[in-house]
Amino acid sequence: MAALDELFNAAREAQARAHAPYSRFKVGAALRSADGTLHAGCNVENAAYPNGICAETAAIAAMVLAGGTRIAEIVVIGDGDALVTPCGGCRQRIREFAAPDLPIHIAGPAGMRRSFTLEELLPFSFGPDHLAQEPRE
Ligand code: THU
C-alpha cells in the first residue's frame, strides 16, 4: 500500500474512534514519524468543554510516547464541505516537531482534498530553534 494511502486509512480509522458527543464533529489524524512509524489520534472532547483535545494533539502525543522526535508527513480528516485544517494551537504543536516544508494533507470522507506545507499554514513561526540561539547583548 502506498505510504499516503496508509496514512489516510489510519486517520480514517482514528476518526471513527473520536469522542465528540458535544460538537458531533469527529476528526482523525495520522502522522508518519521520521523513523518511519505511524501514529494516529482522534479528538477527545470533555463535558468541561475547554478540556477537549484535538486529533493532531493526540497523534503527536502517541508519537512522543513511542520515542519519535520528528514528523515527516501528517494527514487530517474531517467531515463537511470546508477543509478541516489544524487549529492554531495544533499548528504550533506540529511546528515543535517539524520543518517548514512538512506536508500537511487535508482529507474528507472521499479521500485527499488538498495539501499544504506547515509554512503555508504557520508562516514566520516561532520554534525550538529560537530558544537554542545564544542570547544577544
Ligand atoms: N478538531 C480537531 O480535532 N482537529 C482540527 O483540526 C479541528 C478541530 C476538533 C476539536 C473539537 O473536538 C471538534 O473538532 C470541533 O471543533
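The values are calculated or read from the model by the stated rules, or taken from the named source; none is laboratory data. It should be emphasised that the depicted structure is a prediction, and the values quoted were computed from it without experimental measurement. All Cβ positions, glycine included, derive from the backbone under ideal geometry; neighbour counts span all protein chains shown. Note: areas computed on protein heavy atoms with side chains; ligands, DNA, RNA excluded. Shrake-Rupley method; radii C 1.70, N 1.55, O 1.52, S 1.80 Å.
Measure nothing but the geometry: give the 0 to 90° angle between the long axis through the Cα atoms of 55-65 and the longest principal axis through the Cα atoms of the chain, rounded to 10°.
60
Return the distance in nm (one decimal) between the two label points of a simple spin-label model at Val64 and Phe124, each offset 7 Å from Cα along Cα→Cβ.
Here the modelled spin labels are 2.7 nm apart.
State log₁₀ I(q)/I(0) for the stretch 38-93 at q = 0.30 Å⁻¹ as given by the Debye formula over alpha-carbon point scatterers of equal weight, solvent excluded.
Summing over Cα pairs of the stretch 38-93 leads to -1.33.
Summarise the accessible area of the chain (1.4 Å probe, protein heavy atoms) by the percent that is carbon and sulfur. Please report the intermediate quantities before stating the final value.
On the way: 4280 of 7890 Å².
Answer for the chain: carbon and sulfur cover 54 percent of the accessible area.
Compute the signed sum of charges (Lys and Arg +1, Asp and Glu -1) over the other residues within less than 14 Å, Cβ to Cβ, of Glu45. Kindly include the intermediate steps, with their values, before the conclusion.
Details: positive: Arg17, Arg24, Lys26; negative: none.
Result for the neighbourhood of Glu45: +3.
Hey, got the dipole for the chain? About the Cα centre, +1 on K and R Cβ, -1 on D and E Cβ, debye to the nearest 20? Walk me through the intermediate numbers first.
On the way: 12 positive and 16 negative charges, 82 e Å.
The dipole of the chain has a size of about 400 debye.
Determine, at each q value in 0.13, 0.17, 0.19 (inverse angstroms), the log₁₀ of I(q)/I(0) that the Debye formula gives when each Cα of the chain is one equal point scatterer.
-0.52, -0.86, -1.06
How many angstrom separate the Cα center of the stretch 35-57 from the Cα center of the stretch 96-128?
Value for the Cα centre distance between the two parts: 17 Å.
Using 0.36 nm times the number of residues separating Ser115 and Ala99, minus their current alpha carbon distance, what extension gain do you get? All intermediate terms of the calculation are to be shown ahead of the outcome.
Values: separation 16, 0.36 × 16 = 5.76 nm, distance 1.53 nm.
Between Ser115 and Ala99, full extension yields an extra 4.2 nm.
Just flag the chymotrypsin sites (Phe, Trp or Tyr not before Pro) in the stretch 2-75 sitting in loop per DSSP whose Cβ has no more than 11 other Cβ atoms within 10 Å.
Hits after loop and neighbour filter: Tyr22.
With a 1.4 Å probe and every protein chain left in place, work out the accessible area per residue of the stretch 2-123 in Å², rounded to a whole number. Show your work: numbers first, answer last.
Values: 6120 Å² over 122 residues.
I get 50 Å² per residue for the stretch 2-123.
Among Ala18, Ala59, Ala29, pick out the residue whose Cα is farthest towards the positive end of the charge dipole of the stretch 1-75, where Lys and Arg carry +1 and Asp and Glu carry -1 on C-beta, about the Cα centre.
Of the options given, the answer is Ala18.
Under the definition of Cα pairs under 8 Å and six or more residues apart, what whole-number percent is the relative contact order of the chain?
Values: 274 pairs, mean separation 26.3, N = 137.
Answer for the chain is 19 percent.
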